[in-house]
1. In region 53-74, which residue that is out of contact with any helix residue (DSSP H, G or I) (no Cβ under 7 Å at 6 or more places or on another chain) and of a type in the set (D, E, K, R) is surrounded by the fewest Cβ atoms within 10 Å (Cβ to Cβ)?
2. Testing ILE358 on (1) in contact (Cβ under 8 Å) with a residue 40 or more places away in the chain; (2) in the same structural domain as GLN28 (by TED's automatic domain parsing); (3) not in a loop (DSSP other than H, G, I, E, B), one condition comes back false. Which one is that?
3. Consider region 299-318. How many of its residues are in a helix (DSSP H, G or I) and of a type in the set (A, V, I, L, M)?
4. Sort out for me the helices (runs of 4 or more DSSP H) sitting completely within region 205-265 that have 2 or more residues that are acidic (Asp, Glu), assigned by TED's automatic domain parsing to the domain that holds MET163 and surrounded by fewer than 19 Cβ atoms within 10 Å (Cβ to Cβ).
5. If you check ASN377 against the conditions, is it out of contact with any Cys (no Cβ under 7 Å at 6 or more places or on another chain), closer than 16 Å to LEU194 by Cβ, at pLDDT below 95 and of a type outside the set (Phe, Trp, Tyr)?
6. Identify, from the list ASP34, ASP39, the residue that is within 30 Å of ASN244 (Cβ to Cβ), under 25 Å from the mean Cα position of the chain (by Cα) and modelled with pLDDT under 95.
7. Of everything in region 300-332, what is in contact with a strand residue (DSSP E or B) (Cβ under 8 Å, 6 or more places away or on another chain) and polar (S, T, N, Q)? Give them in sequence order.
8. In region 319-339, which residues are crowded, with 20+ Cβ neighbours inside 10 Å and part of a helix (DSSP H, G or I)?
Amino acid sequence: MKKVLLLLVVVLAVFTLASCKEDAKTLQMLWWSDGTEGDVMQTLLDDYLEETGITIELVPVAYNDYEARLATMVSGGEAPALARVTEGHLNNFKANILSLEGVYTTSGFTNLFYNADGDVISLPMDITANGMFVNTTLLDKYDVNYPELGDDVWTWAEFETEMLKLEAGMGVGDDDVAAPGVFDHQGHRNMTLLYQNGVKVWETPYTASNLKSAAAVEVIQQIRDWYDEGFLAPETYSTLNSANLFKTGQYGFHLSGNWNVSGYATGITTFDWAVVPMPYFENRATILGGKSLAAFANTGLEDEAKDFIAWMAEGTQHDAYTGGVPYLTPRLGATVNYGDFADQYAVFLDEIANTNAIYVQDWLNQVMIPGMYPLINDLFMDNADPTQTLSPLELLTALETDLKAAAPTS
C-alpha cells in the first residue's frame with residue numbers, strides 16, 4: 001500500500017511539473033547595448049528565472065534600428081512585454097506604455113518620467129551624461145597636451161590648437177591618424193555645445209526659442225568648419241557608429257557619453273584612453289539623459305511585466321545592474337562601487353555638477369517634443385554634409401519651425 005501511495009505521489013508530482021512547464025510564461029524584453037548592459041541584464045534575468053520560474057527573453061536590436069522596430073511591433077499588435085527605453089521612446093510611445101503607479105516606490109529614484117495623467121511610466125535604470133574621451137597613446141605620440149580632472153578646463157579654441165598637432169600623423173602609413181577626432185552622429189551629443197555657448201533652446205516652451213540667436217549660429221558654423229577642415233571625421237555619418245571608429249586607434253578624441261566607459265574597457269586593447277573634462281565656449285555644460293525600463297499594454301502579460309519591474313526596483317537588483325555595467329545610478333542613496341572605472345566616472349560626475357539647472361530643465365522641455373531626436377539628428381547630419389547649400393541660420397530656422405510644429409499643445 002505504501003508503495004502504491006508513493007507511486008501516486010511521484011506520478012502527481014510529474015504531472016504537476018509538466019503542468020507548470022506548460023503554464024510557464026515567457027516575456028520578451030526589447031533591448032540594445034552600448035557596452036556590457038546586455039550581459040549584466042541577462043545575469044539578472046537568470047536570477048529572476050531561478051526565483052520565480054518566469055522566463056524573460058532578451059531580444060537585442062541595434063540602437064539605430066531600435067525605435068523603428070519598436071514602432072512596428074506596437075503597431076502590429078505584438079508589443080514586447082518589456083523594453084529598455086530612452087526619454088524619447090517614453091514620449092513617443094507613452095500611449096502604449098503602462099502606468100507604474102504603486103508598482104515601486106518612486107520617491108527612491110530621480111529622473112522619473114510621467115504621462116499626461118501624472119503617472120510614472122518607467123523605472124529609471126541609469127543616468128547618462130555627455131563627455132570627452134581621448135586616445136592617450138596617440139596624443140602622447142604626437143606631444144598633444146590634454147587637461148585632467150582638477151586642471152583648468154580648456155576652451156574649444158585651446159583644445160583645437162592642441163589636437164591639430166595630430167595632423168602631422170595624417171596620411172603617413174597604415175596606422176596613421178584618420179582625423180583629430182570624432183563626434184557621435186546623434187544630435188543630442190552635438191547640442192551640448194549650444195549649452196556650452198550659453199544657448200537655452202526654449203525661452204518659452206514651445207513658442208519662443210533661441211535657436212536663431214547669434215550664439216546658436218556660431219556653434220553650428222564652428223561645427224561645420226571643423227568638418228570642412230578635417231578636424232572632425234565625416235565617417236561619423238557613413239558608419240553611424242563613432243565608437244567603432246574611435247576603437248581603431250586612429251582618432252585623438254571622441255565626444256560621446258558615459259555608457260562607452262564599460263564598452264571601451266572591454267573593447268579597446270591596442271591603446272590607452274581616458275575621460276577628460278569637455279572643452280567649453282562660454283560655460284561648462286553637459287546634457288543629462290538616461291535609460292529606463294517600461295512595460296507595454298495589450299500584451300496579455302501586463303501583470304508579469306509589472307512584477308519584474310517591482311523586482312528590479314529593489315536595491316539589490318538595481319545596484320547590481322548599475323554597478324555591473326557600470327552606469328551612474330538614479331537610485332537615491334545608492335552606493336555604487338564603480339571599481340576600475342571610478343576615475344572616468346568622476347569626470348562625468350564633475351560635468352554634471354558644473355551644468356546649470358536651467359539647461360537641465362531646458363533639455364527636459366526639449367525631449368517632450370515627439371519625434372524631436374530625428375529632427376536634430378538631421379540638422380547636424382546636414383550641417384556636416386559638404387554639399388549642403390543651406391547656411392547654419394537657415395538650418396536652425398528650419399529646425400525651429402519643425403520643433404514648434406511637433407511640440408505638445410498642452
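1. Filtering first and then ranking leaves ASP65.
2. Of (1) in contact (Cβ under 8 Å) with a residue 40 or more places away in the chain; (2) in the same structural domain as GLN28 (by TED's automatic domain parsing); (3) not in a loop (DSSP other than H, G, I, E, B), only one is false for ILE358: (2).
3. 4
4. In region 205-265, 214-228 are the helices (runs of 4 or more DSSP H) which contain 2 or more residues that are acidic (Asp, Glu), assigned by TED's automatic domain parsing to the domain that holds MET163 and surrounded by fewer than 19 Cβ atoms within 10 Å (Cβ to Cβ).
5. Spelling it out, it is not the case that ASN377 is out of contact with any Cys (no Cβ under 7 Å at 6 or more places or on another chain), closer than 16 Å to LEU194 by Cβ, at pLDDT below 95 and of a type outside the set (Phe, Trp, Tyr).
6. Step by step, each of ASP34, ASP39 is checked, and only ASP34 is within 30 Å of ASN244 (Cβ to Cβ), under 25 Å from the mean Cα position of the chain (by Cα) and modelled with pLDDT under 95.
7. Within region 300-332, THR322, THR329 meet the criteria.
8. TYR321, THR322
The values are calculated or read from the model by the stated rules, or taken from the named source; none is laboratory data. Worth saying up front: this structure is predicted, and the values here are computed from it rather than measured. We place every Cβ from the backbone using ideal geometry, glycine too, and count neighbours over all the protein chains shown.
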